[in-house]
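These notes are about the structure you will find just below.
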Amino acid sequence: MPESSPSFRILGPARLSGEVKVTGAKNSALKLMAASLLAPGTHTLRNVPDIADVHIMSELLVRLGCTVSLNNDVLTIDVPATPGHKAEYDLVRKMRASINVLGPILTRVGIAEISLPGGDAIGSRGLDFHISGLEALGATITFEHGFIIAKVDGRLKGATIDLVFPSVGTTENLMTAAVLAKGTTTINNVAREPDISDLGEYLISMGAKIQGLGTQTLVIEGVDSLKAAEHSTLPDRIVSGTWAFAAVMTGGDITIQGGRADHLELPLDKLVASGAVITSTPDGIRVKMDKRPIAIDVATLPYPGFPTDLQPMAIALNAIADGSAIVTENVFEARFMFVNELKRLGARITVDGHHAAIAGIKQLSGAPVVATDIRAGAGLVLAALVSEGITIVEDGFHIDRGYPNFAEDLRSLGADVTRI
Ligand code: UD1
């Protein structure tokens, strides 16, 4: 945790209305940044959000020998002919996505030493799929002094890999390793999150040969070298989804500029079932609600299923909904940690394994709570908006990792929110 972390002070209840602009996706931008290591020269990434995690990844790239600058939302990365190969604990522990430099460094330099990552307190988050996939491509992997050390003699070699689970990070690491491997790599049961296609398109513009983006199988024909490229990050579907839930919970009317309904089909269907009116606008989505939401059952699953990153928002909505619902978490084992915080606001929730049963009440009541991860933090802020009185959400640095200008955006939509 940083030495001083902001808290968010919210005076509820609030009704949110107006327009909000969604920036580039955190989970895409970080992977694009890591993938830039694959080609020397000057890369330009557009629509990059100004959030803490982007600064952490920038620092990591700088330590690997790159020169990085962020001007407004344009990130320029100068990658040297031979990047460094070691990512130290002080940076990696702050952000799980640091593991995404493993594939690019290994395939380019022949050795990568990456400190074992930290990240959110949402489960064990193993690396076994990453490791077995890279081993299938010919890497030798060992663990020493808290580092994962991956080596290859010469180039990685194309192989067929069957993932036992469509892991986002594993798909990305294997894709970025295989693009410079010798021969063809086929990866079955890959993750299909829009972030994967975004990364794939960037790699293709660098000269990579990839087929099957958006499907369950990727076929990658390795090339000898890649060249620096330019790419625009896709809009953040989780931030868009957070605003959609905020509109529904507060009986509001929010136009989400840049929001992509095609990346949020299931969550938006759930909100319609809850009573919302959702329409497409020329550049986004409008979400309108004029009554108390109806409770909605939700089960998280890999894309195109309901995103685990919107699970806290689903629980928060059900906490004030008309009726009872079950929310099932199928992706991360420990993602109900924030439920105890929500209960401090008066929510009636019973957790049994990976199921949470929620009995809706009309209004929550403000209290001090603690954010346990990025999305739990955002979920608690939404719950605070429908709580009577003052809620302080502590450890707001988690929220800063994923939501640029969250407090300002909330204020512009009519909420009484301050950072303290
Ligand atoms: C990414 C996102 C995160 C999102 C998640 C699922 C980033 C920075 N983070 O995380 O916001 O919630 O996708 O959409 O993009 N697993 C293993 N072994 C492995 C790899 C994963 O057991 O080697 C497990 C994890 O513990 C978890 C599940 O697989 O239970 C899914 O993980 P994964 O899809 O890899 O998520 P991340 O890439 O870590």
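Structural remarks
- Ordering of 21-34, 359-372 by packing is 21-34, 359-372, highest average first (other Cβ atoms within 10 Å, averaged per residue).
- Here the convex hull built on the C-alpha positions of region 76-177 has a volume of 115 cubic angstrom per residue.
- Whole-number percent relative contact order across the chain, with pairs defined as alpha carbons under 8 Å at least 6 apart: 21
- Cα extents of the chain along the three principal axes, largest first (Å): 64, 46, 39
- Considering only alpha-carbon pairs that sit under 8 angstrom and 6 or more positions apart, the relative contact order computed for region 26-232 is 20 percent.
- ALA191 long-range amide H proximity, modeled H, under 5 Å: SER167, THR171
- Distant-in-sequence amide H partners of THR23 (H built 1.01 Å from N, under 5 Å): ASP236
- Region 371-383 - phi-based ³J(HN,Hα) in whole Hz, Karplus 6.51/-1.76/1.60, Gly and Pro as x: 6, 9, 7, 4, 6, 4, x, 5, x, 5, 5, 4, 5
- Largest-first principal axis extents of the Cα set of region 182-337 (Å): 58, 37, 23
- Cross-link reach is defined here as a Cα-Cα straight distance under 12 Å, omitting same-chain residues fewer than 8 places apart; for LYS362 the aspartates and glutamates meeting it are ASP322, GLU388.
- Estimated 222 nm signal from helices in the chain, with DSSP H stretches of n ≥ 4 weighted -39500 (n - 2.57), rounded to 500: -8500 deg cm²/dmol
- Note on LYS151: lysines with a C-alpha under 26 Å away, same-chain residues under 8 apart excluded, are LYS31, LYS86, LYS94, LYS182, LYS209, LYS227.
- Karplus 3J(HN,Hα) series, Hz, for region 59-68 with 6.51 cos²θ - 1.76 cosθ + 1.60 (x for Gly, Pro): 4, 4, 5, 4, 5, 8, x, 8, 10, 10
- Note on region 1-154: along the principal axes its Cα atoms extend 60, 36, 29 Å, ordered by decreasing extent.
- For region 26-232, with all protein chains in place and a probe radius of 1.4 Å, 48% of the accessible heavy-atom surface sits on carbon or sulfur.
- Solvent-accessible heavy-atom area per residue, rounded to whole Å², over the chain at 1.4 Å: 37
- Anchor LYS270: lysines whose Cα lies under 19 Å away (excluding residues fewer than 8 positions away in-chain): LYS288, LYS291
- Cα shape, region 246-293, gyration tensor, a/c 1.5 rule: oblate
- Net charge of the neighbourhood of ASP416, taken over other residues with C-beta under 14 Å away and scored Lys/Arg +1, Asp/Glu -1, is +1.
- For region 26-232, the Cβ-based charge dipole about the Cα centre amounts to some 280 debye (Lys, Arg positive; Asp, Glu negative; other atoms uncharged).
- What the phi angles of region 331-341 give under the Karplus curve with 6.51, -1.76 and 1.60, with θ = phi - 60°, is a coupling list of 9, 10, 5, 10, 8, 9, 4, 6, 4, 5, 5 Hz, glycine and proline written as x.
The values are calculated or read from the model by the stated rules, or taken from the named source; none is laboratory data. None of the values given here were measured: they were computed from a predicted structure. Cβ atoms come from the backbone with ideal geometry, glycine included; neighbour counts cover every protein chain shown. Heads up: the accessible areas ignore ligands, DNA and RNA and are worked out on the full protein's heavy atoms, side chains in. Shrake-Rupley method; radii C 1.70, N 1.55, O 1.52, S 1.80 Å.
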